[in-house]
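Reviewing the structure listed below.
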Amino acid sequence: MTTAHEHSHSGDDHAHKAAPMVEEISDYEVLELAVRELCIERGLFTAEDHRRFTEFAESIGPAAGSRLVAKVWTDPAFKKRVLEDGTKACKEIGIDWFEPTGFGTPSDYTHFVALEDTPTLHHVIVCTLCSCYPRPLLGHSPYWYRSTNYRRRLVRWPRQVLAEFGLILPPEVEIRVEDSNQKCRFMVIPMRPEGTKNWTEEQLAKIVTRDCMIGVALPTPGKTEDFHPVHKASRPAESSPPKAAE
Amino acid sequence: MSVTSDVDLSPIALLEAIRHQGKEWDVLAPRYGVTNPDPPWKFPLIGTFESLAASGSLPALERRGAEDELGNSVYSEVPAPERDLLALAHTMLTRGLLTEEELVRRMRAVRSRLEAA
């Protein structure tokens, strides 16, 4: 009989150091498990329910926000409804802020406001207090959004901070920073870029990346993901190509 | 939409003891050189929020309202997601969904299991 851990971790082929981990068990970790187990034992929900919701929470991304922006760009009546009552209009793309357990999600009840960019006004969002973010539309916030650096400096020097993201706006464009809070979440509706005439909603949605909806980037034809530099491998594989499963 | 408050803000001994230990993730993680910004129990906690809401045991709006009130008062010094976890436990205890005694017992059992060699 073999076990999953009988292979070598010290052979020359893949010697590596284990990533550091917190080597103590906090009472928070214990409390989370204890509450969950008691709920399951009481029949408040099942372990399968819990696994399903946890998996869903982990997997959400910015696709819903991208769909919303693409629809705003192509449907003037929808745009009007989004700007009048963003929370209500979200239901039309399957996001119900009042029912977080529906297609919307995780655990964010709040009032949602869409911020429309114009040729002379650019919006960018932040949460100076903590990390409030329109999760039902954009998924989980990036690490830098929660950093003290971004939260502190964006409200003081927005133009400079945007430039650090590579977004250099002309001086005649006003930059407005919206500070999220417990009850109100924002998302940027960027301007539709040139070169996208006759595009379908699906095509348009692909260029509306997460960073565009935070306001630190602008949608650009051909750019379908937020690029964040990755370090080159210091020891690239030398011999055989990677296995399919890797 | 406003949520009517009937949140009991009285401190609860068990949760007070936990919050005074100073073992929040943003303290522990740098101590061990861990760069992940979130504790491993963050998403399971969200799973619990959602499961409770889906079953109707603790509707999301009520939990969020209580979380806001508790987060602005009793647990204002605690960072998220620890604050959200304390607020959930606090809400369940004050609503009688759990008792402090059984929670203490269960925590003891869970810790013993996690620490078993």
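For region B:24-106, chymotrypsin sites (Phe, Trp or Tyr not before Pro) are listed when DSSP marks them as loop and at most 13 other Cβ atoms sit within 10 Å of their Cβ; the list is B:TYR32. In a DSSP loop and with at most 16 other Cβ atoms within 10 Å, the trypsin sites (Lys or Arg not before Pro) in region B:59-109 are B:ARG95.
Axis of helix B:82-94 versus longest Cα principal axis of chain B: the two differ by about 50°, to the nearest ten degrees. At the listed q of 0.17 Å⁻¹, the Debye profile of region A:61-214, built from one uniform point per Cα, gives log10 I(q)/I(0) equal to -1.00.
With helices as the sole contributors, chain B gives -18000 deg cm²/dmol at 222 nm; each DSSP H run of n ≥ 4 counts as -39500 (n - 2.57), and the sum is divided by every residue. Other protein chain C-beta atoms within 10 Å of residue C-beta, averaged over A:52-60: 5.
The angle between the Cα long axis of helix B:42-55 and the longest principal axis of the Cα atoms of chain B comes to about 30 degrees, rounded to the nearest 10.
Computed from the Cα positions only, the extents of the protein assembly as shown along the three principal axes stand at 65, 63, 38 Å, in decreasing order. Result for chain B in a Gaussian network model with C-alpha springs under 10 Å: among B:ALA60, B:ALA17, B:ALA89, the largest mean-square fluctuation is at B:ALA17. All distinct Cα pairs of region B:13-114 go into the 1/r average, and the inverse of that average, the Kirkwood radius, is 14.6 Å. By the count of neighbouring beta-carbon atoms within 10 Å, fewest first, B:ASP6, A:ASP226, A:ASP211, A:ASP49 end up ordered B:ASP6, A:ASP226, A:ASP49, A:ASP211.
Where a number appears in this text, it was derived from the coordinates with a stated rule and is not lab data. Please read all numbers here as calculations on a predicted model, not as lab measurements. Note that we place each Cβ from the backbone using ideal geometry, even for glycine, and neighbour counts take in every protein chain shown.
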